[in-house]
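Let me begin by presenting the structure, written as structure tokens, before commenting on it.
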Amino acid sequence: MDSNNLLIAKKDHVATITFHRPAVLNALNTDTLWELDQAITFLEQDQAISVLVLTGEGKAFIAGADISQMKTMTPVQAREFAMLGHRVLRHLEQSRLVVIAAVNGFALGGGCEVLMACDLTLAASTAKIGQPEINLGIHPGFGGTQRLPRLVGASKAKELLMTGTPIPADEACRIGLINKVFPGEKLMEEATTLAAQLASKSPLQLAYIKALVNVGLEVELAAACDLEVASFAASFTSHDQQEGMAAFLEKRPAKFTGR
């Protein structure tokens, strides 16, 4: 697909989207959000792709929303912008693709909100992560006030949201906001390795696990466990279940197809 603000690549079962607005530190504007939404749909339609890596060009993953666009917004326009951001990040969160954020630099504001909608996050040791919107006289609008407390707890989330102070990658990892930290020069190598590892698993089960965890966080435990039981039973109608168990008994690597 054509895109002005994203670079899209595919190799084997893994796709990579690179945010490509380095002059403004990959800030999110309306066009970039629309392109991201379209890119996710484009990649979902390729059944060979099961894992998506998001990263940024230059010094930033995403340094936030584009303030030059936001400054003159009316309340109606701000609502539309926030609703677009929510829709795109919900699409990312609910996609059948496993999404890895490879945070190469600043992940602030909307950038932090994007990584929180991903399934796993790896970061360069020099990365800075946070929600500094309060310093602009606003608060997060793409889910930051909701996903952040679910990841790090209410008290720590309030601290980060109310002070607006970014934190280094190692602290973000310690509090559970991201998964792992690597030297910057190793980040994409590690992200690629993780993506390949995940892509070797059953695409069907990756999608099931992602959906079960996400939905389970939004419903009561008993209902979530019922969903798990139903999904577990449905797994036994799949080719991947037959192949995985046969491969285990035959002591060979499984060849999953997502069926």
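Just so it is clear, none of the values below were taken in a lab; they were calculated from the coordinates. It should be emphasised that the depicted structure is a prediction, and the values quoted were computed from it without experimental measurement. As a convention, Cβ positions derive from the backbone with ideal geometry for all residues, glycine included, and neighbour counts pool all protein chains shown.
Structure above, values below:
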read-out	value
Fully extended contour minus Cα-Cα distance, from residue 196 to residue 249, at 0.36 nm per residue	16.7 nm
Cα→Cβ-extended label distance, 7 Å offset, between residue 236 and residue 71, nm	6.3
Virtual spin-label span in nm between residue 34 and residue 46, 7 Å along Cα→Cβ	2.3
Computed label-point distance, nm, for sites residue 134 and residue 171 using a 7 Å Cα→Cβ extension	1.3
Positive-end residue, the chain charge dipole about Cα centroid, Cβ charges, pick of 236, 103, 9	103
Net charge dipole size for the chain [Lys, Arg +1 and Asp, Glu -1 on Cβ; Debye, nearest 20]	300
Cross-link reach list, lysines versus residue 128, counting only Cα pairs under 23 Å and skipping chain neighbours closer than eight places	59, 156, 158, 180, 186
Residues in the range 25-58 reached by a label modelled at residue 7 [backbone nitrogen below 17 Å; 7 Å Cα→Cβ]	25-27, 36, 53-58
Gain upon complete extension [residue 219, residue 189; 0.36 nm per residue less C-alpha separation]	7.1 nm
Residue of 111, 141, 130 that the Gaussian network model of the chain assigns the largest fluctuation, springs spanning Cα pairs under 10 Å	141
Angle between the chain longest axis and helix 221-235 axis [Cα atoms, degrees, rounded to 10]	50
The chain: most fluctuating residue of 99, 88, 24 per GNM, C-alpha cutoff 10 Å	24
Residues of type lysines that residue 251 reaches as a straight line, Cα spacing below 27 Å, ignoring anything fewer than 8 places off in the same chain	201
Most mobile listed residue (43, 212, 198) in the chain, GNM with C-alpha springs under 10 Å	212
Cα-centred dipole magnitude for the range 42-193, charges only on beta-carbon of K, R (+1) and D, E (-1), debye, nearest 20	440
Debye, to nearest 20: dipole size of the range 131-217, +1 on Lys, Arg Cβ, -1 on Asp, Glu Cβ	360
